[in-house]
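K.L.:
Right, I'll just put the structure down here and ask away after.
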Amino acid sequence: MVNDVDKSGTDETTPAEAIVEETAEAQPDATATPQAELEAARAQAAEYLDGWQRARAEFANYKRRVEAERDDVRCRSNADLLLKLLPVVDDFERALQVAPPELAHSPWVSGVTIILNKMHTILDSENVAPVAAVGQPFDPQWHEAMMQEETTDHADGAVIEELRKGYRLGDRVLRPALVKIASNPGQPPCTPRKACGTVENRGLPQSASGTDGLNAGQS
């Protein structure tokens, strides 16, 4: 009977002994070298740095995207208002073009000129500028062809007359220019890298060719 009690007692493990065994298993390996611990710490630090850099880059991209969307919304809302202003500018410019010469110094013409200059100042402040047309190669991004005229005086595809002024808002088209283009199969086509003035006067400054086109339109 005593032997049975002793044998069963040797197989049981007390709670205190179990805690000691678990603690011993949880302790790090005493054979690990400081170099190995340093390498593990460096790897963990590199992982943390990479995660921080990724989060920073994602936030920077998000901030740029939000700012771009905000600018796009503001630009579109301004474009709608500016587009409604352009016909008024057209009317004032036409009024000055047809004003009789004897009224050039009248208060009425001076008042219209002042108003038109103020409108041009508003357009300039909003980064709105006229689209180059006469003497330029036809570009569907900026020009809308309304007429085509067969001629031997201009390069093929050159804009020879501006029927309605076009405007650009920054690098976007606000309103395309309505133009007349030349059809001259006997001449090389007009390109952005090649002058598009008259055959006799290619290479004239744009202001000179633009004046010719304006006079042609008035006649």
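Read-outs throughout are calculated quantities, based only on the coordinates presented, and are distinct from any laboratory measurement. Keep in mind that what you see is a predicted model, and the values were worked out from it rather than measured. So basically every Cβ, Gly included, is an ideal-geometry build from the backbone, and we count neighbours across all protein chains shown.
K.L.:
So, of the residues in region 146-158 that are in contact (Cβ under 8 Å) with a residue 40 or more places away in the chain and crowded, with 17+ Cβ neighbours inside 10 Å, which turns out to be farthest from Gly186 (Cα to Cα)? Write out each step before concluding.
P.N.:
If we filter region 146-158 for residues that are in contact (Cβ under 8 Å) with a residue 40 or more places away in the chain, which is where we start, we get 152-155.
Checking the rest, the ones that are also crowded, with 17+ Cβ neighbours inside 10 Å come to 154-155.
Values: His154: 10, Ala155: 9 Å.
Selected residue: His154.
K.L.:
Another question, then. Kindly indicate whether Ala95 is assigned to a helix (DSSP H, G or I) and either surrounded by 10 or more Cβ atoms within 10 Å (Cβ to Cβ) or touching a Gly at 6+ places or on another chain (Cβ under 6 Å) (or both).
P.N.:
Working: assigned to a helix (DSSP H, G or I): yes; either surrounded by 10 or more Cβ atoms within 10 Å (Cβ to Cβ) or touching a Gly at 6+ places or on another chain (Cβ under 6 Å) (or both): yes.
Against the criterion (assigned to a helix (DSSP H, G or I) and either surrounded by 10 or more Cβ atoms within 10 Å (Cβ to Cβ) or touching a Gly at 6+ places or on another chain (Cβ under 6 Å) (or both)), Ala95 qualifies.
K.L.:
Is there a residue in region 82-100 that is over 21 Å from Leu123 (Cα atoms), aliphatic (A, V, I, L, M) and in contact with a helix residue (DSSP H, G or I) (Cβ under 8 Å, 6 or more places away or on another chain)?
P.N.:
yes
K.L.:
Go through (1) more than 19 Å from the chain's Cα centre (by Cα); (2) surrounded by fewer than 16 Cβ atoms within 10 Å (Cβ to Cβ); (3) closer than 15 Å to Arg168 by Cα; (4) among the small types (Gly, Ala, Ser) one by one and return the number of the condition Ala129 breaks.
P.N.:
Tallying (1) more than 19 Å from the chain's Cα centre (by Cα); (2) surrounded by fewer than 16 Cβ atoms within 10 Å (Cβ to Cβ); (3) closer than 15 Å to Arg168 by Cα; (4) among the small types (Gly, Ala, Ser), Ala129 fails exactly one: (1).
K.L.:
I'd like to verify a number: residues in region 100-152 that are in a loop (DSSP other than H, G, I, E, B) and farther than 30 Å from Ala182 by Cα, how many? Give the steps one after another, and end with the answer.
P.N.:
From region 100-152, those in a loop (DSSP other than H, G, I, E, B) are 100, 104-106, 126-127, 131-136, 138-142, 151-152; that's our starting set.
Now drop any that are not farther than 30 Å from Ala182 by Cα, which leaves 100, 104-106, 126-127.
Here the count works out to 6.
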